[in-house]
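See below for the structure under consideration.
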Ligand SMILES: *Cc1c(COP(=O)(O)O)cnc(C)c1O
């Protein structure tokens with residue numbers, strides 16, 4: 001057998017070195033089993049915990065209505081669709097969900113994608129051409145970053161939430177060039193909010209598109225229904241605004257959507273490769289998504305309970321000296337800086353019965369390793385009080 005330099009054996013050895021390095025630096029990502037039949041209570045690697053790192057903000061992932069809907073649809077239609085949406089994989093539930101979703105979002109049309117990641121890479125690569133310019137917040141989700149790369153357009157990343165820089169960048173784009181502003185509505189690792197109204201005003205002034213990732217906003221922000229942070233601007237549907245979001249976080253199920261102008265959705269159906277070349281979501285998942293939308297549309301209680309829990313955390317935290325930025329959403333980062341400390345505190349919390357994940361670079365910028373706490377409507381105020389007590393004990397200031 002011939003061995004080349006940088007052949008298979010060399011490469012395996014290089015990877016083993018790199019993995020060893022990550023392990024030494026406490027940055028190796030590892031899988032842990034979370035066993036839960038009734039969130040937020042779970043067993044993590046054998047240890048009973050209250051889960052404070054799930055994105056199941058409304059506690060719907062184990063809700064009887066969603067489970068029942070999934071079971072019934074699976075009984076009726078079977079476990080898989082056997083095809084992509086355009087080739088035999090559209091069952092009546094898919095279209096019903098898209099219609100309901102457009103109503104929920106207040107947009108002319110909507111399309112389902114198989115996950116948020118696939119929605120973003122499909123959406124961006126379908127609509128944006130290589131001669132366009134993309135302006136993207138530096139802390140946007142990896143799926144927006146990857147989708148932007150696929151377009152081969154020029155990508156300019158503006159400093160997090162810095163609209164002055166964004167405006168300067170917009171001014172420099174020559175007339176005749178399409179421009180796209182990309183932003184998370186709620187930033188997934190910091191929990192802070194994009195100023196959507198101000199971003200929209202800039203988009204309008206410079207005739208740009210505005211693509212908003214509502215993965216963490218859907219079901220959490222806005223009222224009647226809680227369709228996302230965009231709802232709180234009161235601007236309603238605007239042709240230049242394209243919203244995407246997921247069913248996998250507050251809505252307790254799986255999959256994603258893009259909502260916007262009919263022409264935008266039509267264009268996606270023709271061009272979005274992650275939509276066209278992937279088997280559609282199974283009927284059980286779609287039925288659970290429908291049940292979640294119905295629930296959130298008809299009953300604001302879970303969303304209100306979530307916000308009460310956020311208030312409870314805030315009240316408890318006030319009496320501590322935890323290093324907290326202003327709390328704006330159910331995502332609460334405690335930035336410790338150092339990977340080792342983040343891991344140690346996370347481990348100590350685990351021993352006290354709380355699952356709070358340490359988030360380390362490269363998921364977050366160097367030197368900003370953190371604990372990322374997420375709250376849910378399923379938490380009891382007592383769980384939150386006990387968590388804050390434990391945090392106070394383990395984070396020396
Ligand atoms: C989770 C997330 C996604 C990806 O959604 P999935 O359905 O999990 O693939 C996209 N964008 C943001 C901001 C997210 O937090």
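Laboratory data are not the source of any read-out in this text; all were calculated from the coordinates shown. Everything numeric in this text was worked out from a predicted model, so none of it was measured. Note: ideal-geometry Cβ built from the backbone for every residue, glycine included; neighbour counts use all protein chains shown.
Once you wrap a convex hull around the alpha carbon atoms of segment 82-185, what is its projected area averaged over all directions, in nm²? Walk me through the numbers before you get to the answer.
Values: hull surface 32.4 nm².
Its Cα hull, projected and averaged over all orientations, spans 8.1 nm².
Could you give the alpha-carbon Rg of segment 24-121 over 2.2 N^0.38 Å, rounded to two decimals?
Working: Rg = 18.0 Å, N = 98, 2.2 N^0.38 = 12.6 Å.
Relative to the rule-of-thumb radius for its length, segment 24-121 sits at 1.43.
Taking every eigenvalue of the Cα gyration tensor of segment 154-244, multiplying by 5 and rooting it, what semi-axes result, largest first, whole Å? Write down the numbers at each step before the final one.
Working: eigenvalues 109, 43, 21 Å².
Square roots of five times the eigenvalues give 23, 15, 10 Å.
In the Gaussian network model of the chain, springs joining C-alpha atoms below 10 Å, which of 251, 60, 196 carries the largest mean-square fluctuation?
Most flexible of the set in this elastic network: 196.
Restricting to Cα pairs below 8 Å that are 6+ residues apart, what does the relative contact order work out to for the chain? Please round to a whole percent.
Working: 771 pairs, mean separation 89.9, N = 397.
That works out to 23 percent.
Taking other Cβ within 10 Å of each residue's Cβ, how do 117, 77 sort, fewest first? Show your work: numbers first, answer last.
Working: 117 20, 77 17.
With the sparsest Cβ surroundings first, the list reads 77, 117.
Ranked by Cβ crowding within 10 angstrom, fewest neighbours first, how are 216, 94 ordered? Don't skip to the end; give the middle numbers.
Working: 216 28, 94 20.
Starting with the residue having the fewest Cβ neighbours, the order is 94, 216.
Per residue, what volume in Å³ does the Cα convex hull of segment 185-334 take up?
Details: hull volume 19.9 nm³, N = 150.
Measuring per residue, one finds 133 Å³ for the Cα hull of segment 185-334.
Please report the projected area of segment 278-345's Cα convex hull averaged over all directions, in nm².
That works out to 8.1 nm², a quarter of the Cα hull's surface.
Could you please tell me the mean projected area of the C-alpha convex hull for the chain, averaged over all directions and given in square nanometres to one decimal? Mind dumping the intermediate values first?
Numbers: hull surface 90.8 nm².
That works out to 22.7 nm².
Could you tell me how many cubic angstrom of Cα convex hull volume segment 141-191 has per residue? Can you show the working numbers first?
Working: hull volume 4.2 nm³, N = 51.
Here the figure is 82 Å³ per residue.
Per 5 Å bin from zero, what fraction in whole % of the C-alpha pairs of segment 220-272 is there, up to the bin with the longest pair?
5, 17, 24, 24, 17, 12, 1
Based on the Cα atoms of segment 65-122, what semi-axes does the equivalent ellipsoid have, where each is the square root of 5 times one gyration tensor eigenvalue, given in whole Å with the largest first?
Details: eigenvalues 84, 52, 27 Å².
Largest first, segment 65-122 gives 20, 16, 12 Å.
Which of rounded, prolate or oblate describes segment 255-397 when judged by the alpha-carbon gyration tensor and an a/c cut-off of 1.5?
Details: a/c = 2.56, a/b = 1.71, b/c = 1.50.
Prolate.
Quantify how much of the Cα-Cα distance distribution of segment 111-151 extends past 17 Å, in percent.
I get 26 percent for the Cα pairs in segment 111-151 exceeding 17 Å.
Please state the Cα pair-distance histogram of segment 192-249 with 5 angstrom bins from zero: what percent is in each bin?
For segment 192-249, the binned pair fractions read 5, 19, 31, 25, 13, 5, 1 percent.
At residue 294 and residue 308, where each label point lies 7 Å from the Cα along Cα→Cβ, what is the point-to-point distance in nanometres?
2.5
Using the 10 angstrom Cβ neighbour count as an exposure proxy, how do 244, 382, 1 rank, fewest first?
Working: 244 29, 382 10, 1 5.
Fewest to most other Cβ atoms nearby, the residues stand as 1, 382, 244.
What is the distance in Å between the Cα centroid of segment 120-150 and that of segment 1-71?
26
Quick check on the chain: helices-only [θ] at 222 nm, where DSSP H runs of length 4 and up contribute -39,500 (n - 2.57) each and the sum goes over total residues. Nearest 500, please.
On the way: 13 runs with 161 residues, N = 397.
Value at 222 nm, helices only, nearest 500: -12500 deg cm²/dmol.
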